[in-house]
1. With every atom except the alpha carbons ignored, what do you get for Rg and Dmax of the chain, in angstroms?
2. Determine the per residue accessible area of the chain with all protein chains present and a 1.4 angstrom probe, expressed in square angstrom.
3. In sequence order, what are the phi-derived ³J(HN,Hα) couplings for region 179-195 according to the Karplus relation 6.51 cos²θ - 1.76 cosθ + 1.60 with θ = phi - 60°, rounded to whole Hz, with x for glycine and proline?
4. How large, in percent, is the carbon and sulfur part of the accessible surface of the chain at a probe radius of 1.4 Å?
5. Could you pull out the trypsin sites (Lys or Arg not before Pro) across region 115-195 that fall in loop regions by DSSP (anything but H, G, I, E, B) with no more than 15 other Cβ atoms inside 10 Å?
6. Taking amide H positions as placed in the peptide plane 1.01 Å from N, state which residues far from E379 in sequence (5 or more) or on other chains have amide H under 5 Å from it.
7. Check each of the chymotrypsin sites (Phe, Trp or Tyr not before Pro) in region 158-209 and keep only those in coil by DSSP with at most 15 other C-beta atoms within 10 angstrom; list them in order.
8. Any idea what log10 I(q)/I(0) is at q = 0.23, 0.29, 0.31 Å⁻¹ for region 168-224, Debye with uniform C-alpha scatterers and no solvent?
Amino acid sequence: MRTQWFGTRAPSRAVAHCAVGMGVLPVVFAAAVLPAAAADTRSPGNPPVQAQEDQSYGQAKKNGLRTVVPDDFYIGTAAAGGGHHLNAGYPDPFTYDKTYRKILSAEFNSVSPENQMKWDFIHPEPGVYNFGPADAIVDFAEANGQAVRGHTLLWHSQLAPWVTQGDYTDAELRQILKDHIQTVVGHYKGRIQQWDVANEIFSDPWNGPIALRQENPFIQRLGPGIIADAFHWAHEADPEAKLFLNDYAVEDMGGKSDYYYELAKQLLADGVPLHGFAFQAHLDLQYPFPSTLDDNMKRFEELGLETAITELDVRFTLPESGVPTAEQLAEQADTYQGVLEACLSVEDCNSFTIWGFNDKYSWVPGFFPSQGAATVMFEDYERKPAYYALRETLAQASQD
Ligand code: G3I
(Lines give C-alpha, C1' and ligand atoms only; values in the text may rest on other atoms or scores of the structure.)
Protein backbone atom coordinates (compact mmCIF):
# COMPACT_ATOMS: atom_id res chain seq x y z
CA MET A 1 0.00 0.00 0.00
CA ARG A 2 1.46 3.30 -1.00
CA THR A 3 2.03 5.81 1.78
CA GLN A 4 0.11 8.97 1.07
CA TRP A 5 2.71 11.65 1.57
CA PHE A 6 0.51 14.37 2.87
CA GLY A 7 2.66 17.18 4.00
CA THR A 8 1.45 20.16 5.88
CA ARG A 9 4.31 22.13 4.54
CA ALA A 10 3.36 25.61 3.75
CA PRO A 11 6.19 27.90 2.71
CA SER A 12 7.63 27.34 6.14
CA ARG A 13 8.59 23.75 5.44
CA ALA A 14 6.59 22.52 8.40
CA VAL A 15 6.86 18.85 7.61
CA ALA A 16 9.80 16.55 7.30
CA HIS A 17 9.93 12.82 6.86
CA CYS A 18 12.87 11.69 8.88
CA ALA A 19 14.52 8.36 8.41
CA VAL A 20 14.14 6.51 11.66
CA GLY A 21 16.23 3.38 11.66
CA MET A 22 15.54 1.32 8.59
CA GLY A 23 12.02 2.58 8.18
CA VAL A 24 10.74 6.07 7.74
CA LEU A 25 8.19 7.50 10.13
CA PRO A 26 6.35 10.53 8.89
CA VAL A 27 7.36 13.05 11.51
CA VAL A 28 5.40 16.26 11.56
CA PHE A 29 7.02 18.96 13.60
CA ALA A 30 6.13 22.58 13.69
CA ALA A 31 8.94 24.61 12.30
CA ALA A 32 8.92 28.27 13.17
CA VAL A 33 5.94 29.87 11.54
CA LEU A 34 7.61 31.97 8.96
CA PRO A 35 6.45 34.97 7.01
CA ALA A 36 5.27 34.40 3.46
CA ALA A 37 7.85 32.38 1.68
CA ALA A 38 10.96 33.89 0.30
CA ALA A 39 11.15 34.41 -3.42
CA ASP A 40 13.44 31.43 -3.74
CA THR A 41 13.06 27.87 -2.59
CA ARG A 42 14.96 28.50 0.64
CA SER A 43 12.69 29.75 3.38
CA PRO A 44 14.12 32.47 5.63
CA GLY A 45 13.96 30.14 8.61
CA ASN A 46 16.43 27.69 7.14
CA PRO A 47 19.93 27.45 8.59
CA PRO A 48 22.73 29.09 6.60
CA VAL A 49 23.33 27.22 3.36
CA GLN A 50 26.66 25.76 4.43
CA ALA A 51 25.19 24.44 7.70
CA GLN A 52 22.31 22.91 5.80
CA GLU A 53 24.65 21.37 3.26
CA ASP A 54 26.91 19.93 5.96
CA GLN A 55 23.92 18.49 7.77
CA SER A 56 22.71 17.04 4.51
CA TYR A 57 26.01 15.34 3.80
CA GLY A 58 26.10 13.95 7.32
CA GLN A 59 22.67 12.44 6.78
CA ALA A 60 23.69 10.99 3.44
CA LYS A 61 26.77 9.30 4.89
CA LYS A 62 24.76 7.77 7.69
CA ASN A 63 21.73 6.54 5.81
CA GLY A 64 21.80 7.55 2.17
CA LEU A 65 19.61 5.89 -0.42
CA ARG A 66 22.38 3.49 -1.43
CA THR A 67 22.52 2.16 2.16
CA VAL A 68 19.00 0.76 1.94
CA VAL A 69 18.80 -0.60 -1.63
CA PRO A 70 18.01 -4.27 -2.17
CA ASP A 71 20.92 -6.49 -3.28
CA ASP A 72 22.03 -5.86 -6.89
CA PHE A 73 19.76 -2.84 -7.24
CA TYR A 74 21.12 0.49 -8.52
CA ILE A 75 19.78 3.83 -7.34
CA GLY A 76 21.33 6.40 -9.62
CA THR A 77 21.39 10.02 -10.65
CA ALA A 78 22.63 12.14 -13.52
CA ALA A 79 26.07 13.59 -12.75
CA ALA A 80 25.51 17.30 -13.35
CA GLY A 81 27.68 19.04 -15.91
CA GLY A 82 27.77 20.40 -19.44
CA GLY A 83 24.52 21.16 -21.21
CA HIS A 84 22.37 23.76 -19.51
CA HIS A 85 24.99 24.20 -16.79
CA LEU A 86 27.33 25.83 -19.29
CA ASN A 87 25.25 29.00 -19.25
CA ALA A 88 23.92 28.93 -15.70
CA GLY A 89 26.44 31.24 -14.09
CA TYR A 90 27.97 28.68 -11.73
CA PRO A 91 31.01 26.42 -12.15
CA ASP A 92 30.53 22.90 -13.47
CA PRO A 93 28.78 21.07 -10.60
CA PHE A 94 30.41 17.67 -10.83
CA THR A 95 33.86 19.21 -11.26
CA TYR A 96 33.78 21.98 -8.64
CA ASP A 97 30.91 21.62 -6.15
CA LYS A 98 32.42 19.72 -3.20
CA THR A 99 29.15 19.26 -1.34
CA TYR A 100 27.52 18.00 -4.52
CA ARG A 101 30.25 15.43 -5.04
CA LYS A 102 30.15 14.26 -1.46
CA ILE A 103 26.40 13.74 -1.47
CA LEU A 104 26.58 12.17 -4.95
CA SER A 105 28.96 9.52 -3.62
CA ALA A 106 27.08 8.95 -0.36
CA GLU A 107 23.54 8.67 -1.73
CA PHE A 108 23.88 6.80 -5.06
CA ASN A 109 25.46 3.59 -6.37
CA SER A 110 25.02 4.49 -10.03
CA VAL A 111 25.76 7.62 -12.06
CA SER A 112 24.87 8.79 -15.58
CA PRO A 113 26.94 11.57 -17.16
CA GLU A 114 24.23 14.18 -17.81
CA ASN A 115 25.91 15.64 -20.94
CA GLN A 116 29.57 14.66 -20.80
CA MET A 117 29.22 11.63 -23.11
CA LYS A 118 26.93 13.30 -25.64
CA TRP A 119 28.28 13.86 -29.13
CA ASP A 120 28.60 17.66 -29.01
CA PHE A 121 30.54 17.37 -25.76
CA ILE A 122 32.74 14.32 -26.29
CA HIS A 123 33.42 14.52 -30.04
CA PRO A 124 33.39 18.25 -30.87
CA GLU A 125 35.52 18.05 -34.03
CA PRO A 126 36.34 15.30 -36.54
CA GLY A 127 38.85 12.97 -34.87
CA VAL A 128 38.91 15.11 -31.71
CA TYR A 129 37.58 13.44 -28.55
CA ASN A 130 37.07 15.29 -25.24
CA PHE A 131 37.09 12.30 -22.92
CA GLY A 132 38.36 14.18 -19.86
CA PRO A 133 35.09 15.16 -18.16
CA ALA A 134 33.46 11.76 -18.69
CA ASP A 135 36.67 10.01 -17.63
CA ALA A 136 36.50 11.99 -14.38
CA ILE A 137 32.96 10.75 -13.77
CA VAL A 138 33.81 7.13 -14.56
CA ASP A 139 36.92 7.33 -12.34
CA PHE A 140 34.82 8.88 -9.54
CA ALA A 141 32.21 6.14 -9.94
CA GLU A 142 34.78 3.38 -9.72
CA ALA A 143 36.40 5.00 -6.68
CA ASN A 144 32.98 5.13 -4.99
CA GLY A 145 31.72 1.69 -5.94
CA GLN A 146 29.17 3.08 -8.38
CA ALA A 147 27.96 1.66 -11.70
CA VAL A 148 27.89 3.93 -14.76
CA ARG A 149 25.13 4.32 -17.34
CA GLY A 150 26.52 5.54 -20.67
CA HIS A 151 24.37 8.27 -22.24
CA THR A 152 24.05 8.41 -25.30
CA LEU A 153 25.13 7.37 -28.80
CA LEU A 154 22.49 7.51 -31.58
CA TRP A 155 20.47 10.69 -30.86
CA HIS A 156 19.12 13.57 -32.96
CA SER A 157 19.96 16.20 -30.30
CA GLN A 158 23.27 17.65 -29.15
CA LEU A 159 25.08 16.44 -32.26
CA ALA A 160 28.26 18.38 -33.09
CA PRO A 161 27.85 20.94 -35.88
CA TRP A 162 30.55 19.23 -37.97
CA VAL A 163 28.18 16.26 -38.22
CA THR A 164 24.93 18.08 -38.92
CA GLN A 165 26.46 20.73 -41.19
CA GLY A 166 28.90 18.52 -43.09
CA ASP A 167 28.36 17.47 -46.70
CA TYR A 168 28.79 13.70 -46.59
CA THR A 169 27.81 10.79 -48.76
CA ASP A 170 25.65 8.13 -47.11
CA ALA A 171 28.69 5.88 -46.81
CA GLU A 172 30.73 8.65 -45.16
CA LEU A 173 27.93 9.44 -42.70
CA ARG A 174 27.60 5.78 -41.80
CA GLN A 175 31.36 5.55 -41.20
CA ILE A 176 31.23 8.67 -39.04
CA LEU A 177 28.59 7.08 -36.80
CA LYS A 178 30.42 3.74 -36.66
CA ASP A 179 33.72 5.41 -35.76
CA HIS A 180 31.97 7.50 -33.06
CA ILE A 181 30.21 4.57 -31.45
CA GLN A 182 33.20 2.24 -31.54
CA THR A 183 35.63 4.91 -30.32
CA VAL A 184 33.46 6.09 -27.42
CA VAL A 185 32.18 2.67 -26.36
CA GLY A 186 35.64 1.18 -26.86
CA HIS A 187 37.22 3.92 -24.72
CA TYR A 188 35.04 2.87 -21.77
CA LYS A 189 35.11 -0.86 -22.47
CA GLY A 190 34.34 -2.90 -19.35
CA ARG A 191 33.45 0.21 -17.31
CA ILE A 192 29.86 0.91 -18.42
CA GLN A 193 27.02 -1.16 -17.01
CA GLN A 194 24.32 0.01 -19.43
CA TRP A 195 24.48 2.16 -22.59
CA ASP A 196 21.60 4.20 -23.97
CA VAL A 197 22.57 3.24 -27.50
CA ALA A 198 19.52 4.74 -29.24
CA ASN A 199 17.82 7.70 -27.57
CA GLU A 200 14.44 9.23 -28.46
CA ILE A 201 14.31 7.72 -31.94
CA PHE A 202 10.51 7.90 -32.31
CA SER A 203 8.65 11.20 -32.81
CA ASP A 204 6.34 12.72 -30.22
CA PRO A 205 2.69 11.63 -30.52
CA TRP A 206 1.54 15.22 -29.99
CA ASN A 207 3.38 16.24 -33.15
CA GLY A 208 1.39 14.01 -35.49
CA PRO A 209 1.65 10.36 -36.54
CA ILE A 210 4.37 8.50 -34.66
CA ALA A 211 7.36 7.56 -36.83
CA LEU A 212 11.09 7.21 -36.59
CA ARG A 213 12.47 10.70 -36.07
CA GLN A 214 13.48 12.31 -39.33
CA GLU A 215 15.38 14.97 -37.31
CA ASN A 216 17.90 12.22 -36.66
CA PRO A 217 20.22 12.61 -39.65
CA PHE A 218 21.47 9.04 -39.42
CA ILE A 219 17.95 7.63 -39.53
CA GLN A 220 16.80 10.14 -42.12
CA ARG A 221 19.73 9.50 -44.48
CA LEU A 222 20.59 5.87 -43.79
CA GLY A 223 17.18 4.39 -42.96
CA PRO A 224 15.91 2.36 -39.97
CA GLY A 225 18.59 -0.29 -40.45
CA ILE A 226 21.09 2.08 -38.83
CA ILE A 227 19.47 1.33 -35.46
CA ALA A 228 20.50 -2.32 -35.60
CA ASP A 229 23.94 -1.29 -36.86
CA ALA A 230 24.40 1.00 -33.87
CA PHE A 231 23.67 -1.84 -31.46
CA HIS A 232 25.98 -4.25 -33.31
CA TRP A 233 28.80 -1.68 -33.32
CA ALA A 234 28.37 -0.95 -29.63
CA HIS A 235 28.31 -4.65 -28.78
CA GLU A 236 31.48 -5.30 -30.80
CA ALA A 237 33.20 -2.46 -28.94
CA ASP A 238 32.10 -3.64 -25.48
CA PRO A 239 30.50 -7.08 -25.27
CA GLU A 240 29.96 -6.66 -21.49
CA ALA A 241 27.79 -3.55 -21.60
CA LYS A 242 24.02 -3.98 -21.62
CA LEU A 243 22.56 -2.07 -24.56
CA PHE A 244 19.28 -0.15 -24.22
CA LEU A 245 16.70 1.81 -26.15
CA ASN A 246 15.76 4.92 -24.12
CA ASP A 247 12.94 7.47 -24.44
CA TYR A 248 10.44 9.71 -22.65
CA ALA A 249 6.62 9.66 -22.93
CA VAL A 250 6.75 5.87 -23.17
CA GLU A 251 5.76 5.14 -19.55
CA ASP A 252 2.13 4.19 -20.24
CA MET A 253 1.08 1.43 -22.65
CA GLY A 254 0.05 2.73 -26.07
CA GLY A 255 1.46 5.55 -28.16
CA LYS A 256 5.23 5.58 -28.57
CA SER A 257 5.74 2.61 -26.28
CA ASP A 258 3.77 0.38 -28.67
CA TYR A 259 6.12 1.41 -31.50
CA TYR A 260 9.11 0.55 -29.31
CA TYR A 261 7.53 -2.75 -28.39
CA GLU A 262 7.20 -3.71 -32.07
CA LEU A 263 10.72 -2.40 -32.83
CA ALA A 264 12.19 -4.37 -29.91
CA LYS A 265 10.49 -7.54 -31.10
CA GLN A 266 11.89 -7.05 -34.61
CA LEU A 267 15.41 -6.25 -33.41
CA LEU A 268 15.44 -9.33 -31.19
CA ALA A 269 14.10 -11.50 -34.02
CA ASP A 270 16.95 -10.21 -36.20
CA GLY A 271 19.53 -11.20 -33.59
CA VAL A 272 20.39 -7.59 -32.68
CA PRO A 273 22.21 -7.32 -29.30
CA LEU A 274 19.40 -5.35 -27.63
CA HIS A 275 19.36 -6.01 -23.89
CA GLY A 276 16.94 -3.51 -22.42
CA PHE A 277 14.25 -0.88 -22.75
CA ALA A 278 14.55 2.25 -20.60
CA PHE A 279 11.83 4.64 -19.49
CA GLN A 280 13.17 8.17 -18.92
CA ALA A 281 10.10 9.12 -16.86
CA HIS A 282 10.30 12.92 -17.04
CA LEU A 283 6.92 13.45 -15.42
CA ASP A 284 4.70 16.50 -14.92
CA LEU A 285 2.04 16.69 -12.21
CA GLN A 286 -0.40 18.35 -14.59
CA TYR A 287 -0.84 14.90 -16.19
CA PRO A 288 -2.10 11.73 -14.53
CA PHE A 289 0.34 9.20 -13.11
CA PRO A 290 1.29 6.61 -15.82
CA SER A 291 -0.81 3.92 -14.19
CA THR A 292 0.07 1.20 -16.74
CA LEU A 293 3.82 1.61 -16.23
CA ASP A 294 4.18 -1.68 -14.36
CA ASP A 295 2.31 -3.65 -17.02
CA ASN A 296 4.29 -1.85 -19.71
CA MET A 297 7.56 -2.82 -18.06
CA LYS A 298 6.32 -6.39 -17.72
CA ARG A 299 5.59 -6.78 -21.44
CA PHE A 300 9.10 -5.63 -22.39
CA GLU A 301 10.54 -8.04 -19.88
CA GLU A 302 8.43 -10.83 -21.37
CA LEU A 303 10.42 -10.25 -24.57
CA GLY A 304 13.49 -11.17 -22.53
CA LEU A 305 14.63 -7.57 -22.01
CA GLU A 306 15.77 -5.79 -18.88
CA THR A 307 14.02 -2.53 -18.11
CA ALA A 308 15.26 0.59 -16.35
CA ILE A 309 14.05 3.96 -15.14
CA THR A 310 16.73 6.34 -16.42
CA GLU A 311 15.80 10.04 -15.96
CA LEU A 312 13.02 10.42 -13.41
CA ASP A 313 12.08 13.88 -12.30
CA VAL A 314 8.64 15.22 -11.38
CA ARG A 315 7.98 18.83 -12.29
CA PHE A 316 5.02 21.11 -11.60
CA THR A 317 3.99 24.72 -11.90
CA LEU A 318 5.36 26.68 -8.97
CA PRO A 319 3.34 29.19 -6.92
CA GLU A 320 4.19 32.89 -7.26
CA SER A 321 6.47 32.54 -4.23
CA GLY A 322 8.61 29.99 -6.03
CA VAL A 323 8.22 27.67 -3.04
CA PRO A 324 6.23 24.47 -3.63
CA THR A 325 3.12 23.92 -1.52
CA ALA A 326 2.84 20.97 0.86
CA GLU A 327 0.26 19.41 -1.42
CA GLN A 328 2.56 19.67 -4.44
CA LEU A 329 5.43 18.10 -2.49
CA ALA A 330 3.16 15.30 -1.31
CA GLU A 331 1.91 14.55 -4.82
CA GLN A 332 5.46 14.69 -6.10
CA ALA A 333 6.54 12.19 -3.42
CA ASP A 334 3.68 9.92 -4.34
CA THR A 335 4.73 10.04 -8.00
CA TYR A 336 8.37 9.27 -7.28
CA GLN A 337 7.25 6.40 -5.10
CA GLY A 338 4.85 5.06 -7.73
CA VAL A 339 7.57 4.90 -10.39
CA LEU A 340 9.96 3.14 -8.01
CA GLU A 341 7.25 0.68 -7.01
CA ALA A 342 6.64 -0.13 -10.69
CA CYS A 343 10.35 -0.81 -11.17
CA LEU A 344 10.48 -2.98 -8.06
CA SER A 345 7.37 -4.87 -9.15
CA VAL A 346 9.06 -6.44 -12.19
CA GLU A 347 11.84 -8.98 -12.26
CA ASP A 348 14.51 -7.22 -14.30
CA CYS A 349 14.30 -3.54 -13.49
CA ASN A 350 17.42 -3.18 -11.38
CA SER A 351 18.48 0.32 -12.36
CA PHE A 352 16.47 3.35 -11.17
CA THR A 353 17.99 6.73 -12.00
CA ILE A 354 16.72 10.21 -11.18
CA TRP A 355 17.76 13.05 -13.45
CA GLY A 356 19.57 15.09 -10.84
CA PHE A 357 19.00 15.22 -7.11
CA ASN A 358 18.86 18.89 -6.13
CA ASP A 359 16.73 21.64 -7.57
CA LYS A 360 19.69 23.97 -7.98
CA TYR A 361 21.08 21.97 -10.90
CA SER A 362 17.88 20.74 -12.53
CA TRP A 363 17.37 21.18 -16.28
CA VAL A 364 13.64 21.80 -15.81
CA PRO A 365 13.42 25.56 -15.08
CA GLY A 366 15.40 26.38 -18.19
CA PHE A 367 13.12 24.28 -20.38
CA PHE A 368 9.83 24.91 -18.60
CA PRO A 369 10.07 28.46 -17.17
CA SER A 370 6.97 28.32 -14.97
CA GLN A 371 7.86 24.91 -13.60
CA GLY A 372 10.56 23.57 -11.34
CA ALA A 373 11.35 21.90 -8.03
CA ALA A 374 11.42 18.61 -9.93
CA THR A 375 14.08 16.77 -7.92
CA VAL A 376 14.17 15.13 -4.48
CA MET A 377 16.12 17.86 -2.70
CA PHE A 378 15.78 21.64 -2.46
CA GLU A 379 18.53 23.91 -3.67
CA ASP A 380 20.38 23.64 -0.35
CA TYR A 381 20.18 19.83 -0.38
CA GLU A 382 17.39 19.69 2.20
CA ARG A 383 15.51 16.53 1.39
CA LYS A 384 11.89 16.64 0.26
CA PRO A 385 9.10 14.17 1.00
CA ALA A 386 9.97 12.58 -2.37
CA TYR A 387 13.41 11.68 -1.05
CA TYR A 388 11.95 9.99 1.99
CA ALA A 389 9.35 8.24 -0.16
CA LEU A 390 12.16 6.69 -2.21
CA ARG A 391 14.11 5.79 0.88
CA GLU A 392 11.17 4.17 2.63
CA THR A 393 10.25 2.21 -0.50
CA LEU A 394 13.80 0.97 -1.02
CA ALA A 395 14.16 0.05 2.66
CA GLN A 396 10.88 -1.86 2.55
CA ALA A 397 11.95 -3.70 -0.62
CA SER A 398 15.22 -4.66 1.09
CA GLN A 399 13.30 -6.19 3.95
CA ASP A 400 10.83 -8.09 1.72
O1 G3I B 1 25.04 23.62 -27.67
C2 G3I B 1 24.35 24.85 -27.39
C3 G3I B 1 25.33 26.01 -27.50
O4 G3I B 1 25.79 26.09 -28.85
C5 G3I B 1 24.61 27.28 -27.12
O6 G3I B 1 25.54 28.36 -27.13
C7 G3I B 1 23.99 27.15 -25.75
C8 G3I B 1 23.20 28.39 -25.46
O9 G3I B 1 22.46 28.17 -24.30
O10 G3I B 1 23.12 26.01 -25.69
C11 G3I B 1 23.81 24.80 -25.99
O12 G3I B 1 22.86 23.76 -25.93
C13 G3I B 1 22.64 23.27 -24.63
C14 G3I B 1 22.60 21.75 -24.74
O15 G3I B 1 22.25 21.16 -23.47
C16 G3I B 1 23.91 21.18 -25.23
O17 G3I B 1 24.94 21.47 -24.38
C18 G3I B 1 21.28 23.78 -24.13
O19 G3I B 1 21.34 25.17 -23.91
C20 G3I B 1 20.93 23.09 -22.83
O21 G3I B 1 19.66 23.46 -22.38
C22 G3I B 1 20.95 21.56 -23.05
O23 G3I B 1 20.61 20.98 -21.82
C24 G3I B 1 20.67 19.57 -21.71
C25 G3I B 1 19.54 18.89 -22.54
O26 G3I B 1 19.53 17.49 -22.25
C27 G3I B 1 19.73 19.00 -24.01
O28 G3I B 1 18.64 18.43 -24.61
C29 G3I B 1 20.46 19.30 -20.23
O30 G3I B 1 21.61 19.73 -19.53
C31 G3I B 1 20.24 17.83 -19.97
O32 G3I B 1 19.81 17.62 -18.62
C33 G3I B 1 19.14 17.27 -20.88
O34 G3I B 1 19.04 15.88 -20.67
C35 G3I B 1 18.14 15.20 -21.57
C36 G3I B 1 18.67 13.80 -21.75
O37 G3I B 1 19.99 13.86 -22.25
C38 G3I B 1 17.77 13.01 -22.69
N39 G3I B 1 16.41 12.98 -22.19
C40 G3I B 1 15.84 14.33 -21.94
C41 G3I B 1 16.72 15.09 -20.97
C42 G3I B 1 16.12 16.43 -20.65
O43 G3I B 1 16.08 17.23 -21.81
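1. Answer for the chain, Rg first and Dmax second: 20.9, 67 Å.
2. Accessible area per residue, the chain: 39 Å².
3. Listing the rounded values in order: 4, 4, 4, 6, 6, 5, 5, x, 4, 9, 3, x, 10, 10, 6, 9, 10 Hz.
4. Of the solvent-accessible surface of the chain, carbon and sulfur hold 53 percent.
5. Working: sites: K118, R149, R174, K178, K189, R191; in loops: K118, K189, R191.
For trypsin sites (Lys or Arg not before Pro) across region 115-195 that sit outside H, G, I, E and B with at most 15 neighbouring Cβ atoms in 10 Å, the list reads K189.
6. Hits under the 5 Å cutoff: D359, K360.
7. On the way: sites: W162, Y168, Y188, W195, F202, W206; in loops: Y168, Y188.
Sites meeting the loop and neighbour criteria: Y168.
8. So the normalised log intensities are -0.96, -1.13, -1.20.
The values are calculated or read from the model by the stated rules, or taken from the named source; none is laboratory data. What you are looking at is a predicted structure, and each value in this text was computed from that prediction instead of being measured. Because the Cβ atoms are built from the backbone with ideal geometry, glycine has one as well, and the counts that use them run over all protein chains shown. Side chains included, ligands, DNA and RNA excluded: accessible areas come from the protein's heavy atoms. Shrake-Rupley method; radii C 1.70, N 1.55, O 1.52, S 1.80 Å.
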